[in-house]
Amino acid sequence: MTVRVRFAPSPTGHLHFGGARTALFNYLFAKKHKGTYILRIEDTDTTRNKENAEERLIEAFKWLELTWDEGPDIGGNFGPYRSMERLDIYHKYIHQLLATKQAYPCYCTREELEAEREHMISQGKMPRYSGKCRHLTESDRKTYELEGRSFTIRFKVPSQKTLTFKDMIRGAVTFESEDIEDFVILKSDGIPTYHFAVTVDDALMKITHVIRGEEHLSNTPKHLLLFGAFGFQLPEFGHIPLILNESGKKLSKRDESILQFIEQYRDLGYLPKAVINYLTLLGWSPGGEFSEQEIFSKDQLTELFSMDRVSKAGAIFDPDKLAWMNGQYIKTADPKKIVELAIPYLKNDGLFNEDKPVTWYEELVTLYQDRMNCISEITQLARIFFDKDMNYNQDAKEILTTESSLIVLKKVKELISTMDEYTPNTIKKLLKDVQKATGFKGKKLFMPVRVATTGAVQGPDLNTVLYLLGKETVVDRIEQVI
RNA sequence: GGCCCGUUGGUGAAGCGGUUAACACACCAGCCUUUCACGCUGGCAUACAGGGGUUCGAAUCCCCUACGGGUCACCA
């Protein structure tokens, strides 16, 4: 049996961490077992579908380099891969349930249901559909039809049935059918509900393992019932723990206090490999000889991944650790790649002048490569190279006003004008000469130069900084403070 | 509230009947460096939710309680 798994999002917004990780686990599981990974769009909630959501979703996945073997954009042998293009299929199966009396039309209006619900709550009971339309006679139905009432189709949930399945992560999970109401499978607009679409699709697409978020755990008995009603072969289920926010709640798309959309991280200059690495470790760990390792390539993850090492408890998302991990990837990346990624940020902030050679930018970005946790930080880091006016804070002013500083700076200015070749190496020699001439060394020598030319008391290698700044700028800035 | 699931330091987690209970992030200190960062070294942390069992021995197995989360729609 070849493994077939799917990620089945609804096109209602941007791809967030929870969805991305569910997709990722499906992907890794498929690759691990040399199986097929499918993207399917569950767009049955036509009121919540967003215009470009599917394109955005696909774009985000492409960025993450999580590609599928079958999907709405590339097709496959089990299509179509959008629910709304499968309406005929669903209707056929709805009819089958109707014909075998495993489902029935319900003519209750929303208002009636709402009133019923409130009544039950007022009596201290749990709101639950009474199942009254189950018992409608043929003539009752005729009457309603003639009234032009719209209807839904509900599934007839059998009574006193114990529903058990073996979850790949949690082991045996049991529900009682008594606790499940006759749920709607076809909405009054003729579109099936999620529960119906998902089971029919999973069965017809020959999905072998349903790997999804824990929020679906309590939906599973409904799906079990539906699978049973059709005599479909049951897939295995694995419910992965939720990703939680700082306060331990499920990550909500509406929560703006936290960045949780893949696109946001892409825009900040996170590397997809880092995001994949971090997300995989959120709720899963390789254990054994790899339990002390944090950085994994996708190939390694694919090889190591297994569902039985997915943890059961929800995991709180830690942006700091993601940032650290991204920093690790940036530090070890090919400098050329980082330069390429950084230039758009510089351009965007107006820090890219065509008159400067590309090599200058390459050296600039490389200078900061191991100081960045994400690429967008380059614009802040490299700001000192583009500022027109220097801002000196208290620390800087103190350094600049000492007598030794002035002596050093004057000497630098004097000697720099005599330089023919202006490179990090010759600058190094220059500073050496200044040391000899003034007698100041160490902090007393370097600090004034750094502060005068960059405005900061800290920063990367001074020789390179002075070189990249250019002789003129260095002289200009020194003149302004002496 | 019913049902379901869960509970190892602030966070991610290792551990699967016998350990001084790893490792990583964060935090702190030292070293390195002209400085900062990187890196290295070390440290901090009231960590096995609580209570009963089972066992010679429980973080590990069982039960109860507490707490947390998920879910109860013509949403997915």
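The values are calculated or read from the model by the stated rules, or taken from the named source; none is laboratory data. What you are looking at is a predicted structure, and each value in this text was computed from that prediction instead of being measured. Note: ideal-geometry Cβ built from the backbone for every residue, glycine included; neighbour counts use all protein chains shown.
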Of all the residues that make up the range A:1-46, how many are in contact with a helix residue (DSSP H, G or I) (Cβ under 9 Å, 6 or more places away or on another chain) and not in a helix (DSSP H, G or I)?
-> 26
Residue hits (the range A:88-116; of a type in the set (G, A, S) and touching a helix residue (DSSP H, G or I) at 6+ places or on another chain (Cβ under 7 Å)) are A:A103
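Within the bounds of the range A:182-194, is there any residue that is in a strand (DSSP E or B) and more than 18 Å from A:K132 (Cα to Cα)? Spell out the reasoning first.
Pass one, the range A:182-194, residues in a strand (DSSP E or B): A:184-186, A:192.
Filter once more, keeping what is more than 18 Å from A:K132 (Cα to Cα): A:192.
Yes - at least one qualifying residue is present in the range A:182-194.
Taking the criterion of being within 24 Å of A:A20 (Cβ to Cβ), in contact (Cβ under 8 Å) with a residue 12 or more places away in the chain and surrounded by 13 or more Cβ atoms within 10 Å (Cβ to Cβ), would at least one residue in the range A:84-102 satisfy it? Steps first, please.
So the first thing to find is which residues in the range A:84-102 are within 24 Å of A:A20 (Cβ to Cβ), and the list is A:84.
Add one more test, that the residue is in contact (Cβ under 8 Å) with a residue 12 or more places away in the chain, and what stays is A:84.
Restricting the remaining residues to those that are surrounded by 13 or more Cβ atoms within 10 Å (Cβ to Cβ) gives A:84.
Taking every residue of the range A:84-102 in turn, at least one turns out to be within 24 Å of A:A20 (Cβ to Cβ), in contact (Cβ under 8 Å) with a residue 12 or more places away in the chain and surrounded by 13 or more Cβ atoms within 10 Å (Cβ to Cβ).
Can you list the helices (runs of 4 or more DSSP H) lying wholly within the range A:433-482 that have 1 or more residues being of a type in the set (D, E, K, R)?
Numbers: elements: A:443-454, A:462-469, A:471-481.
Hits in the range A:433-482: A:443-454, A:471-481.
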Give the residues of the range A:152-172 that are buried (at least 17 other Cβ atoms within 10 Å of the Cβ) and within 7 Å of RNA strand B (Cβ to nearest atom), sorted by residue number.
-> A:T152
Which numbered condition A:G124 fails, given (1) within 16 Å of RNA strand B (Cβ to nearest atom); (2) within 20 Å of A:T199 (Cα to Cα); (3) without any contact (Cβ under 8 Å) to a residue 24 or more places away in the chain; (4) small (G, A, S) | (2)
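Taking the range A:194-245 only, how many residues are of a type in the set (D, E, K, R) and more than 13 Å from RNA strand B (Cβ to nearest atom)? Let's see the steps before the verdict.
Quick first cut of the range A:194-245, residues of a type in the set (D, E, K, R) only: A:201-202, A:206, A:212, A:214-215, A:222, A:236.
With more than 13 Å from RNA strand B (Cβ to nearest atom) added as a condition, the list becomes A:206, A:236.
Count: 2.
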In the set A:F61, A:F29, A:F17, the lone residue that is in contact with a Gly (Cβ under 8 Å, 6 or more places away or on another chain), of a type in the set (A, V, I, L, M, F, W, C) and touching a residue at least 24 places away in the same chain (Cβ under 8 Å) is A:F29
Pairs, please: C-beta under 7 Å, at least 6 apart or cross-chain, first residue outside the structural domain of A:V275 (by TED's automatic domain parsing) and more than 23 Å from A:T423 (Cβ to Cβ) and in the range A:351-377, second part of a helix (DSSP H, G or I) and among the small types (G, A, S)?
-> A:M372/A:G327; A:N373/A:A323; A:N373/A:G327; A:C374/A:A323; A:I375/A:A342
If you scan the range A:435-473, which residues turn out to be more than 10 Å from RNA strand B (Cβ to nearest atom), more than 28 Å from A:P357 (Cβ to Cβ) and buried (at least 17 other Cβ atoms within 10 Å of the Cβ)?
-> A:Q435, A:T438, A:F440
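Within the range A:175-187, can you find the residues that are near RNA strand B (Cβ under 7 Å from one of its atoms), in contact with a helix residue (DSSP H, G or I) (Cβ under 9 Å, 6 or more places away or on another chain) and of a type outside the set (A, V, I, L, M, F, W, C)? Walk me through it before giving the result.
Keep residues of the range A:175-187 that are near RNA strand B (Cβ under 7 Å from one of its atoms), which gives A:175-176, A:179, A:181, A:183-184, A:187.
Still in the running and in contact with a helix residue (DSSP H, G or I) (Cβ under 9 Å, 6 or more places away or on another chain): A:175-176, A:179, A:183-184.
Scanning the range A:175-187 gives A:E176, A:D179.
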Which one of A:E54, A:E59, A:E65 is under 17 Å from A:D201 (Cβ atoms), under 26 Å from the mean Cα position of the chain (by Cα) and assigned by TED's automatic domain parsing to the domain that holds A:H16?
-> A:E54
